[in-house]
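Student: Below is the structure I would like to discuss, written out as structure tokens.
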Amino acid sequence: MIKYKIKSIIILSTFLVLLSSCGNNKKSLEVKEVEMLPDSIVELRADQLKLSDIKTGSIEMRSLSGTLKVNGIVAVAPQNFATVSAPLGGFVKSASLMPGQSVSKGQTLAMLENQEFIDIQQNYLDSKNKLEYAEAEFKRHSELYKDDVYSQKNLQQVTTEYKSLKTQVKALEQKLALIGINPATLNDDNITRSIAVVSPISGYVKAVNVNIGKFVSPSDVMFEIVNSNKLLLELTLFEKDADKVSNGQKIRFLINNETEQHEAIIYQTGKSINVDKTYKVYATVSGKCKNMIPGMYVNATIEAKSTQVTAVPSEAIVSFDDKDYIFVFKKNKEEGGKPFTEYRMIQIQKSVSDGGFTAISLPEGFDIKTAKVVVKGAYNLLSAKKNAGEMSC
């Protein structure tokens, strides 16, 4: 029993000592108040503000063009590309051109032989002779009819024969012109079994599909001629970009692995959308590009149309967690007798850039007239936010 009493006295004494000690250190247990800032707020002391070199400006309305990156091919207009065939066919008598050779308009590409050429010339000369006789008879009978010597029936018969032969001669003249023979110079002494196939345009030979002795039909393509002095670009754009291009806009493009940029001007935009949701834009190449060949692949940049948009200097925009932000001045304040400046972080959507400025979309209700945007030192503010523990006072 005495042992238990001694233990109770010891426990009670210990409790009183602890209670007395706690009372003496009451002041040391007081909680210090700390200001909790919202996630979108960054605050800097005056000395930190000076080191960060922060400068503010206004959100502006600017005309920004921007660019579109597109792909396409080098092409030629229909009038600068010729497919050469033989209207009546025939056997190739001679052909000496190779792909890549330059040709002039009217230059002979090949010589063809065909029995039908002879027949057409013979029929023309025969019909022409008959027409001369029929014309003389028509005139004679017309005079006799006036003098009541010849009947109207006989005059009608002669007139019909004369007109029929006249039509036949005209048709044969067109056939001769079609195969390259001048009817005005054709006579009994210069009938030929060969005709020349000539180039309809100047340019270079892209393809040769004939050889000596080969028979070609009217539907066979003998040669392909390209005028490379007037090349154009055929570019493919997505439908979402249809409102960003128009006639007269400039294009800069590269071909092959060249580093030299070439220029072109849009002259025609597509008026319909293809099944793959794309449409075509055509541009004429400015100047001469000696290494360009139709069919080449092209990487091009289109200077998009200028529009009035809300814009800030590009360095005012910072990226954080795959989102874009700007900082705006909120207020100046004092804490503990020390000056501080607060900035608010605003999420935006950026668009085209041009001349050091970037178009942005702002949250609904944002007042662009009164807002002071950080145009210099924005990344220093972003660092302050990321390292809030080190930057806090």
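The values are calculated or read from the model by the stated rules, or taken from the named source; none is laboratory data. In this text the structure is predicted, and so the values were computed from the model without any measurement. Counting neighbours? That spans all protein chains shown, and the Cβs are built from the backbone with ideal geometry, glycine included.
Student: Going by the structure shown, is Leu235 under 33 Å from the mean Cα position of the chain (by Cα) and either modelled with pLDDT of 90 or more or closer than 14 Å to Gly89 by Cα (or both)?
Tutor: The answer is yes for Leu235.
Student: Provide a single number: the residues in the stretch 128-149 that are in a helix (DSSP H, G or I) and at pLDDT below 85.
Tutor: Looking only at that region, the number is 10.
Student: In the stretch 295-305, which residues are surrounded by fewer than 19 Cβ atoms within 10 Å (Cβ to Cβ) and at pLDDT below 85?
Tutor: Within the stretch 295-305, Glu303, Lys305 qualify.
Student: Of the residues Ser96, Ser85, Ser104, only one is free of Cβ contacts under 8 Å to residues at least 24 places away in the same chain and not assigned by TED's automatic domain parsing to the domain that holds Gly355; which?
Tutor: Residue meeting the stated conditions: Ser96.
Student: Please work out which residue is nearest to Ala86 (Cα to Cα), limiting yourself to the stretch 213-231 and to residues that are modelled with pLDDT of 90 or more and part of a strand (DSSP E or B).
Tutor: Of everything passing the filter in the stretch 213-231, Val216 is nearest to Ala86 (Cα to Cα).
Student: Only residues that are farther than 17 Å from Ile73 by Cβ and in contact (Cβ under 8 Å) with a residue 24 or more places away in the chain: list them for the stretch 249-262, please.
Tutor: Across the stretch 249-262, the qualifying residues are Gln249, Lys250.
Student: So, one more: Sort out which residues of the stretch 180-202 are among the hydroxyl-bearing types (Ser, Thr, Tyr), part of a loop (DSSP other than H, G, I, E, B) and within 17 Å of Pro87 (Cα to Cα), and write them in order of number.
Tutor: Within the stretch 180-202, Thr192, Ser199 qualify.
Student: Give me a count of the residues in the stretch 220-248 that are more than 30 Å from Val210 (Cβ to Cβ), among the polar types (S, T, N, Q) and touching a residue at least 24 places away in the same chain (Cβ under 8 Å).
Tutor: Here the count works out to 2.
Student: Hey, could you check the stretch 247-274 for residues that are of a type in the set (Val, Ile, Thr) and crowded, with 17+ Cβ neighbours inside 10 Å and say which is nearest to Ile293 (Cα to Cα)?
Tutor: The selected residue is Ile255.
Student: Considering only the stretch 306-330, how many residues are of a type in the set (Lys, Arg) and loosely packed, with under 15 Cβ neighbours inside 10 Å?
Tutor: So the answer is 1.
Student: Quick check: is even one residue across the stretch 318-339 at pLDDT below 90, more than 30 Å from Ile73 (Cβ to Cβ), of a type in the set (D, E, K, R) and outside any strand (DSSP E or B)?
Tutor: The answer is yes, given that some residue of the stretch 318-339 is at pLDDT below 90, more than 30 Å from Ile73 (Cβ to Cβ), of a type in the set (D, E, K, R) and outside any strand (DSSP E or B).
Student: Just to be sure, is Lys277 exposed (fewer than 14 other Cβ atoms within 10 Å of the Cβ) and in contact with a helix residue (DSSP H, G or I) (Cβ under 9 Å, 6 or more places away or on another chain)?
Tutor: yes
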